[in-house]
Each structure stands twice: as C-alpha cells, then as structure tokens.
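Visitor: Sharing a structure, written as structure tokens. Questions coming.
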Amino acid sequence: MSLSSFSYHCISNNPHLRGRVAHLELIDGNALDVLTASRDRIHCGWRLISSPFYGNFKPDQQPYRTIVLYEDRSADMASVDLESLKLIEDAMMSYGNSRALRLPDDFPRRIDMDFRFVDFALMEDTFRECGILGSHAERVLGR
Amino acid sequence: MRLELIKAHVKGVAWGCKTELLKDGTLQVSKEDLLSQIEDHEFFKSVDADMARPGENTRIVPVKDVIEPRCKAEGEGEVFPGLISDVTSVGSGKTFVLDGAAVVTCGRIVGFQEGIIDMSGKGAEYTPFSGTMNVVLVFEPKNGIEAHAYEKACRIAGLKAAVYIAKSVYEAGAQADEVKVYDMPAFAESMNAYPGLPKVAYLYMLQTQGLLHDTYVYGIDAKKILPTIIHPNETMDGAIVSGNCVSACDKNSTYMHQNNPVIRSLYDRHGKDVNFVGVIITNENVTLADKRRSSSYAVKIARMLGVDGLIISEEGFGNPDADLIMNCRAAERAGIKTTLITDEYAGRDGASQSLADAASEADAVVSAGNANMMIDLPKMEKIIGFTDYVDIIAGGFAGSLKPDGSIEVELQAITGSTCELGFNKLGAETW
Amino acid sequence: MTYRIVHYINQFFAGIGGEEKAGIKPESRIGAVGPGMAFKAAFGGDADIVGTVICGDGYFAENMEEATDAVIKLISEFKPDAVIAGPAFNAGRYGTACGAVCEAVAKRIGVPVVTGMYRENPGVDMYRKSVYIVETSDSARGIKDAVQAMSRLILKMLNLGTVGSPAEDGYIERGVRVNRFYDAPGSERAVDMLVKKLRGEPFRTEYPMPNFDRVPPAEPVKDIKNATIALVTSGGIVPKGNPDHIEASSATKFGTYCIAGVESADEVSYATAHGGYDPTYANSDPNRVLPIDVLREMERAGEFKKLYDYFSTTVGNGTPVANAKKFGTEIGERLKKDGVDAVILTST
Amino acid sequence: MVKAIESFGIPVVHICTIVPISQTVGANRIVPAVAIPHPLGDPAKTPEEEKAIRRAILEKALKALQTPISEQTVF
C-alpha cells in the first residue's frame, strides 16, 4: 500500500488491461458485475473518476466495462459521494434493465478483441492522468 | 462576419470523364480523378467508389461519415481548416455548396461498426441521406494498421473527396441556383441590436470520449479544449468535423455540422423573435472532473455574454446525458432559460426511462425520437459496403438478418435517424 | 359475431348497498347489472354483457389476493372475449380493485380489458402502466361520457387489435414513449419552445421529466411515553430464507412480520434481501439496518410505550415509485387501523 | 413509501444515509445514518460502541418525532 493517503483504482472485466494498468481489480463477470463491485466501494467512500456510461455503447452491445475510482483514506468512511452514487446506480439500473448483457468472449474473436481495445482506448487518457497506466499498449486492432 | 453560401442544386449523380455539374443538374464525377485524390497506400489496401441515388434499391453499410461537398469561392482560408487545409479562421467571404449531394464514407474501423443508409423502403424514411445524391467511398485497410491512424485516414479521405468534387465543379464554371447570406456582427454591435428581443445563444455539445467518439475543431481534438466561442459561420465552412463512428442514429456526421439546423433555425428567427448572439462549443468527456469543468466553463461564457436563453444540443446517449443535464441545471440556476434537444433510449417497448439523468430544471425538451424503436428493413438488390457486420451493429442482434434478406434493427443502426441537432421531423410522445 | 363481455362492478353500483355492504364477497350474475345496461346500449349489436361480477370494495381491499383469484374464476366461467371494470370515478378502493382485476384478467385470461377512472384516483398510478384506463370525471355524473369512451375503446381493441394515442382514444397515458413525425424539424421546435419560454407563454415539453410531489408534515407525537412506534425498513431485512420472496431489486411486494417477543434482529433469524448494497455488514448484524435490539432497550426504559408487534420491510432498490406508493398506502392503512402513533423508517 | 405512510397523518422519521435522496422521496423528518451498508452501525467499532451509535441515532429519531415542523427538516 502506498504511503500517501489516497490512491486510484481500476475495476474492470477487460483482460486487455492486465499488465497495462496498475491497481487493477479484474472481475470475472459481466459489465453489471463491474458496476456492482464499484458501487460497493462507493458505499464505502470511494469516488468515481470516470463515468460508468463512457462510450456510446448500449448495455447489450459492449461486453466490457472499466471504472476508475479514487480512494481517500483520510476521509470519513461514511461520507458517500452523491454524484458517484447516483451515476453508478443509474448505470446499474440501465444495465440491469437490459435484455441480455453481452458476456466477455461472447462475440467472434476479432470483434471481441476490438471491443477490448476500444474499451481500453476510451480510458487510456484517464489511466495516464491518474498515474495508473503501465507499459505502453500496442494499438493495433484485432483484425 | 458575413458568409455567402453559393448553392448549386444537384438533381442527379453519374460517373463521367470530367467532374462537373451538367445542365440538367446532374453531378458528373470522374471516378479516376476522384480515386487518385484520395489514394493512400500507407493505410488503404483498396479504395473504391460507388453511387447511390434516392429511390434506388440500395443499402450503404457501415457508414462512417457523410460530408457535403463545399469549397471556398472567396475569402480567407479553405474548408475543413486544420485537417486538409491551413488553420486560418474561416466563415467569411463566399463558399460554394453542392446542395443535394453528399460524400458517404464506408469503412470498417472496428468489427462492431454500424450505420445504415437505405435509399428506399421503410429505412429511407428515417435517414436524411436517403434524399441526397451520394458518392460513396469504400475503404479497406492494410493489415496491422493502428486504429487511431486508420480512423484519421478514412476521415481525411472523405473530406478530400468532398472538397475535390466541389472545387472541380466550381472551377468548371458551375452557376449558383441560390445564394444564402449569413451575417452576424461583432459583439459590440450585436449585443445592442434588437433591444426588445431576448438574447439567445446556442450551446453546442460535441462528442469527445475517445477513439471512435471524437470531434475535431480546426483539427484539434475537442476533448482537449476548454469550451469556447465559435462564430456560427465557421461551422458552415467545416470548422467542426466528425471523427465519431459509433451510435449511427445520433452521431453528428460532418454533413450535420456543416448544415447545423439549430444554427439555421436561430438565424431564421434572428431579428424577429430572438437576438441570436453566438455559439458556444463544449465537449462530452469521460471523467467527472472534466464534465464539471466544461459545464461550469461553458455556462460561464453564456453568462459573460449575458444571454437570456440557450438552446443546448447533445450528441450521443448515456454518458453525455449527464453533461446535458449538468449544462441545463447550471444555466437555469444562473437565470438563463434553456431548451434541450436529445433523443431517447426508452427500450423497444418505450417503457424505460429515456435518459440516464434527469432534472426538474429540464422542463423544455425536444425529443428526436426513441432510438430503440424496432424497424424492418427490406432486402436490397444492391449493397455498398459490408453486410456481414449487420448482425452485430448497434441495435441488431443475432438473427437480425432474416433468410429472405430483410433485417430487423433498432432505429439506432440507421445513420442520422435521431439526430440531436434537430435535423429531422421525428420525435416521440407519451402514450 | 357478438363479442362476449364481462363487467366488474362494486357493491354500490350493483345496487346492493353502500359502505355497510362493502364487505361482501365476490359473486356473479348473468347479464348486465346497473351501469352494465348503459354499456349494453352503447355496444349496439357488436357486443353483449354476458355476465357481471360483483365484489365489495372493503372485502377486495382487505383480501386482495383471495378476492382477485375468486373474481378471476367467476369471470372466466363466462368465457369472455373482453372485460370491462367500473368506471370507478374518484373512488379509491373501487379504482384499485378495477385496476387489479383488469391487470389479472390481462395476465391470466389474456383478453382485452378496459377500466375507467378519474385522473387522481390512486388506482391510476398503480395500474396505468399495465391497463388502459379511460379518463372519467370525478363522480358518477360523468357516467354517460365514461360509458361512451370505454365501450368505444374496448370495441376498437376487439375489432382492430390496436390502440391509438391517449388523445385519440381517451385513456390516461401509460408512460410509454412512441415515435411520431412532427410537422417541423427538431431544431425549429426547439427555437419555438425557447421563444415561448422566454416570453412566459405556455409551452409543452416533448419529454416530461419525472416529477416529485410532497406531503405536508404530520403533527408530532405529543406524548412519546405513551406512544406505540412501528418499525419499517426499505433496507430489505427479512426473516432468514425470505419467506415472501421479496425481490433483490425492483420489488413488487413488501413483507410484514411479527416481532412480538423478539429481542434483537440477530444474524441467526434475519438477513437482508436487498441487492443494492454489499450485504456483508447487514447479514452479520441485521440490527444495523433494523435496530430492534436498541429499540427494545428503549421500550423497557420507558422512552416510549411500545414497539408495534409487526415490522414491514421491502427492498428500496430500483423499486418503481408507483409500487413504493402502493406499499406505503397499504402499510399506512394497517398502522392507522392498529393505532400506531409514529413510524421509524430506516433506509440504506 | 415515506410519503404514502405519512399521508395517513402518522409522523414518520426517515433514518437514511443519503439525505438528498430522502429529500427527493419527500420525507419530512430526516435523521442521517452512518453508511449505506450499515446505516445504524459501524463494523469498525466494538459492539458496545456500535450500540451506542445506534442508540444515539434512535434517540435523535424520537426527538424528531416529537418536534413540530412545517417543512422538510434534517435533524
């Protein structure tokens, strides 16, 4: 654990992030599982850095979700960030109402790899700004 | 700043040996010259061109962008500044427009890409580009091309093609069928004009979330800008270009940016019902801090302008719903009255909540329709592009391609169908 | 062919009696009764009221499940092509019963249903989503119009199998968004709307946001030492095993459980059914959400007189407003009847 | 739910973690709680401390129930 009183975390079900992002909690599950894990942290005082709705994808389209969160250990555990809570709940509602969530590896390999890549690409700047971007990722699509 | 749009009306499109506008209004294009303009051996394995006319039994898929052929006839700069021409500011002088024609780019950046234009049938009722004479470019990338670079190559090729066509036609001596003048004076003057009318500005939200979700202003990636003021005439000269490839229904193609209907409508009412004083562009980013910064900054500009009213248009859904509501709330709390334009994701049955966010301040909303509505698209005789992606385009699902060749999709898959600039007549109501 | 229609009405409209007869159980009659005559006339030869099912409003409200089952059984005996209920005007319990009957008919028998109510009838909020409710006036004086509109709509459903817009067919919006083409493009509609808004003229948003209404604060408890206090939670604490199967989110029901003699909401007997938070802490000590242990101590110390013998619970996670309102109404009715003085409602 | 119960004239005190949500659902007497997964407790504390916290919140709730108010009030 770092000595500073705060840190950034990433919760994701996108295997493309493995080795590329520090403080990564890789979830074995669908997008809703990622949102649920994030929500549980928000209930304990973590805050959202990135919007859970990022990317113009519908819940039944993009299988991957990546959330960047901020933990301030000096803060009171009970102080829930309302904006984060509202956003994550809205996102869970929207994903929960979806007809059928896409699962990782649901699509043909090439398309699945594109989904992984775009998920990563949309978050790349945020990872960098939060100092959790690891080695540079190759940016070639899965064709 | 004063801009004249010199419009030549295009009534047909055909291949020929020279690119020019024929007497009967047919846009004749030299395929050879066109392709030589956009060849790029570094990125494209192949580039092909085709045509699609209103009423034809043709489907174009997957559409990346649509561009209206324009070029400068007089005045500073050239269209699409910062991308295929110098960065000098545009928006004054004269611009030649091939009204009724469009360049459609069709290229697969990623495997899940979407965007259908049907030239006839049910789907044609929902896309504005079933009514234009389309020159379609079909790209295939070389192996191993980096995604961002390939998106850019396709984007640039479309712009080049549009300028090439407009310029060739103009230089071949095409005459104007119609001239439209757009004039908005300096702030010092405009703020005092029409003292009895409310001052109104337009808050123009641009999709800027990252790869496949980007918009460029004078060549700059708009996710990196602070909200700023742009002259409405600059948009007519292609200062804003789409790099957005997802969510076909509500992405603003470059054509929509060139022909922004909100700007057109505000100009129409200028001096009669409102005093239209300016356009503020802002972005739709991924992080909450960026959202708050942009929203607060954009509304601050509106306050500095001292406007009474603001039209706010969104691009995309989900993530930008938060920006839209944030912008609305901030403006209303600053005493600026707002009207929003958005589309809806109310589910196939229309029973779900339409937006990912809501606020009681958002009491004046124009809807561009429910993008989840299902529609049946008949089989087409001719396909331009690649249909094997139809099954996985947004709104589609396994089996959406039926044995008889017809497809069942959500409106979301159709290019420009629920445009949040208010381009179309489509809307929604509560039943 | 003549369609077979069954009509559901309450004891009052059946001519049996007023409030004193509100307890009567479901029964059926052959042919039309009371307002059914007017319907019969309005149908002309296209349809006939083949039977009427009657239930007391009080009985229905207090025995909703049994009453619904019994009413459905009586209705299906007539082998109807369609069912109409009411109109209930502004009568709350009657409206609720009409809504419940129609919803159950649609689900279990699968034939078209129409009812009629005044817009502010509580049954409207509860059933507008699942049932076509024709808008009526607030009292039986509007019966003529109500009968016309209801019979027109049910015949349209039978003949065409489709229903038009609320404006066209006179029913209360179900909250479903339907696409349509306007005369002007969105940008012009937006400028029009803004101009009206700036001038202070009335305008109509094309997408109404969800609204929030208010209830005035109730009078405070005057004598807390003599007060009976009830415990209610939306935190989803239930007897272990969740006997009523309350859903983890978007709950469609609530549970009421006896806690007479229970000293603490311990982890052996209680757990959370709530899917809206990490359940670890609530499950290891359910008193953290349902504070029976401390309330018992306070009761013994005389800080208030009595902890009411039952607690009510549901899951407030994505639960539709209309459901929450319905739960609150049912809980409130019971607490009122049992003379509860105040409520502690805990949420997560 | 709060509103619907209170509409019978019975005062309701809403103990909840997220006060603004309570305000939007229309509660009139609001007492803030500890945290979402444990509104009336704190697993980080000893059982005795935890009970003391719970009692403090409930005492505040009783006080709220006895206080005349004319609009939404957070105690």
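Every read-out reported here was derived from the displayed coordinates using simple, explicitly stated rules and does not represent laboratory data. These figures come from a predicted structure and were not determined experimentally. Positions of Cβ are generated from backbone atoms using ideal geometry, with glycine treated the same way; all protein chains shown enter the neighbour counts.
Visitor: Under the classification rounded if a/c is under 1.5, otherwise prolate if a/b is larger than b/c and oblate if not, where does the stretch B:2-413 fall, given a ≥ b ≥ c as square roots of the Cα gyration tensor eigenvalues? Mind dumping the intermediate values first?
Guide: Details: a/c = 1.70, a/b = 1.19, b/c = 1.42.
It comes out oblate by the Cα gyration axes.
Visitor: While we're here: Please compare each pair in C:129/C:240; C:306/D:51; A:58/A:86 to a cut-off of 22 Å on the Cα-Cα distance and tell me which ones are over it.
Guide: Working: C:129/C:240 33 Å; C:306/D:51 20 Å; A:58/A:86 19 Å.
Violating the 22 Å Cα-Cα cut-off are C:129/C:240.
Visitor: Specify the inter-centroid distance of the stretch B:113-152 and the stretch C:237-312, based on alpha-carbon positions, in whole Å.
Guide: With the stretch B:113-152 and the stretch C:237-312 each reduced to a Cα centre, they are spaced 58 Å.
Visitor: Search the structure for amide H atoms under 5 Å from the amide H of residue B:94, placed 1.01 Å from N in the peptide plane, and list their residues when 5 or more places away or on another chain.
Guide: Close amide H contacts, sequence-distant or interchain: B:4, B:73, B:74, B:75.
Visitor: Also: Between C:309, C:48, C:338, where does the largest GNM mean-square fluctuation fall for chain C, given springs only between Cα atoms within less than 10 Å?
Guide: Of C:309, C:48, C:338, the Gaussian network model singles out C:338 as fluctuating most.
Visitor: Sticking with this one: Rounded to the nearest 500, what is the 222 nm mean residue ellipticity of chain A from helices alone, with -39500 (n - 2.57) per DSSP H run of 4+ residues and division by all residues?
Guide: On the way: 3 runs with 49 residues, N = 143.
The helix-only estimate for chain A comes to -11500 deg cm²/dmol at 222 nm.
Visitor: Between C:240, C:197, C:222, where does the largest GNM mean-square fluctuation fall for chain C, given springs only between Cα atoms within less than 10 Å?
Guide: Judging by the Gaussian network model, the answer is C:197.
Visitor: Oh, and also: Using +1 on the beta carbon of Lys and Arg, -1 on that of Asp and Glu, and nothing else charged, what's the dipole of the stretch B:2-413 about the Cα centre, debye to 20? It would help to have the intermediate numbers written out before the result.
Guide: Working: 40 positive and 57 negative charges, 132 e Å.
Dipole magnitude for the stretch B:2-413 comes out near 640 debye.
Visitor: I need the peptides C:324-337, B:315-328 ranked by packing, meaning the mean over residues of other C-beta atoms within 10 angstrom, with the highest value on top. Could the numbers behind the result be given before it?
Guide: Working: C:324-337: 20.0, B:315-328: 26.6.
Per-residue Cβ counts within 10 Å, averaged per peptide and sorted highest first, yield B:315-328, C:324-337.
Visitor: Could you work out the mean count of beta carbons from other protein chains within 10 Å of each residue's beta carbon in C:165-175?
Guide: Working: counts 3, 3, 2, 1, 1, 0, 1, 0, 3, 4, 7.
If you average over the peptide's residues, the count of other-chain Cβ atoms is 2.
Visitor: Find the centroid of the Cα atoms in the stretch A:27-70 and in the stretch C:130-179, then give the distance between the two in whole Å.
Guide: 43 Å
Visitor: To continue, here is another question. What number, rounded to the nearest 500 deg cm²/dmol, is the helix-based mean residue ellipticity at 222 nm of chain C, given -39500 (n - 2.57) per DSSP H run of at least four residues and division by all its residues?
Guide: Values: 11 runs with 114 residues, N = 348.
Calculated mean residue ellipticity at 222 nm is -9500 deg cm²/dmol.
Visitor: Using a Gaussian network model of chain C with C-alpha springs under 10 Å, which one of C:159, C:121, C:323 is most mobile by mean-square fluctuation?
Guide: Largest GNM mean-square fluctuation: C:159.
Visitor: Hey, another quick one. If I take every Cα pair under 8 Å that is 6 or more residues apart in chain C, average their sequence separation and divide by the length, what percent do I get for the relative contact order? Display every interim value, and only then the final one.
Guide: Numbers: 640 pairs, mean separation 45.6, N = 348.
So the answer I get is 13 percent.
Visitor: What is the mean number of Cβ atoms from other protein chains located within 10 Å of the Cβ atom of each residue in peptide A:113-125, rounded to a whole number? All intermediate terms of the calculation are to be shown ahead of the outcome.
Guide: Values: counts 2, 8, 4, 0, 3, 11, 2, 2, 8, 7, 4, 3, 8.
Taking all residues of A:113-125 together, the mean is 5.
Visitor: Evaluate the relative contact order of the stretch A:6-129 (contact order divided by residue number), counting alpha-carbon pairs under 8 angstrom at least 6 apart; express in whole percent.
Guide: Numbers: 209 pairs, mean separation 41.0, N = 124.
With pairs under 8 Å counted, the relative contact order is 33 percent.
Visitor: Arranged from highest to lowest average of other beta-carbon atoms within 10 Å per residue, in what order do the peptides B:98-111, D:21-34 appear? Don't skip to the end; give the middle numbers.
Guide: On the way: B:98-111: 25.5, D:21-34: 21.7.
Result, highest mean Cβ count within 10 Å first: B:98-111, D:21-34.
Visitor: Taking every DSSP beta bridge with both residues inside chain C, roughly what % is antiparallel (nearest 5)? Don't skip to the answer; put the middle values down first.
Guide: On the way: 13 of 43 bridges.
Just about 30 percent of them are antiparallel.
Visitor: Treat each spin label as a single point 7 Å out from the Cα along the C-beta direction, and report the residue C:201 to residue C:242 distance in nm.
Guide: Result: 5.4 nm between the two label points.
Visitor: Kindly rank B:218-227, B:252-261 from highest to lowest mean number of other beta carbons found within 10 Å of each residue. Before the final figure, lay out the partial values.
Guide: Numbers: B:218-227: 17.1, B:252-261: 24.4.
Result, highest mean Cβ count within 10 Å first: B:252-261, B:218-227.
Visitor: Within a 10 angstrom radius of each residue's Cβ in D:29-36, how many Cβ atoms of other chains show up on average? Whole number is fine. Please report the intermediate quantities before stating the final value.
Guide: Numbers: counts 7, 0, 2, 1, 7, 5, 12, 17.
Per residue, the number of nearby Cβ atoms from other chains is 6 on average.
Visitor: Something else: Using only the alpha-carbon atoms, how far is helix A:109-129 inclined from the longest principal axis of chain A? Give it as 0 to 90 degrees, nearest 10.
Guide: It is inclined by approximately 30 degrees.
Visitor: In addition: For residue B:279, enumerate residues with amide H under 5 Å from its amide H, sequence gap 5+ or separate chain, H modeled in the peptide plane.
Guide: For residue B:279, whose amide H was placed from the backbone, the distant partners under 5 Å are B:202, B:230.
Visitor: Compute the Cα gyration tensor for the stretch C:3-169, then decide on rounded, prolate or oblate, letting a ≥ b ≥ c be the square roots of its eigenvalues: rounded whenever a/c is under 1.5, prolate when a/b is larger than b/c in the other cases, and oblate in all that remain.
Guide: Numbers: a/c = 1.35, a/b = 1.21, b/c = 1.11.
Rounded shape, in that the Cα axes give a/c under 1.5.
Visitor: Need the C-alpha centroid separation for the stretch B:172-244 versus the stretch B:281-304, integer Å.
Guide: One Cα centre to the other: 17 Å.
Visitor: Once both axes come from the Cα atoms, what is the angle between helix C:92-104 and the longest principal axis of chain C, in degrees from 0 to 90, rounded to 10?
Guide: 80 degrees
Visitor: Next question. What shape does the protein assembly as shown take by its C-alpha gyration tensor, where a ≥ b ≥ c are the square roots of the eigenvalues and a/c under 1.5 counts as rounded, a/b above b/c as prolate, and the rest as oblate? Write down the numbers at each step before the final one.
Guide: On the way: a/c = 2.02, a/b = 1.49, b/c = 1.35.
It is prolate, given that a/c is not under 1.5 and a/b is the larger ratio.
Visitor: When the helix-only estimate is applied to chain B (DSSP H runs of n ≥ 4, each -39,500 (n - 2.57), divided by the residue count), what is the mean residue ellipticity at 222 nm, nearest 500 deg cm²/dmol? Please list the in-between numbers first.
Guide: Details: 8 runs with 89 residues, N = 431.
Value at 222 nm, helices only, nearest 500: -6500 deg cm²/dmol.
Visitor: Just the Cα atoms of the stretch C:224-346: what Rg and Dmax do they give in Å?
Guide: My reading of the Cα-based Rg and Dmax gives 13.9, 39 Å.
Visitor: If one takes the longest principal axis of the Cα atoms in chain A, at what angle in degrees, from 0 to 90 and to the nearest 10, does the Cα axis of helix A:31-43 lie?
Guide: With both axes taken from Cα atoms, the answer is about 10 degrees.
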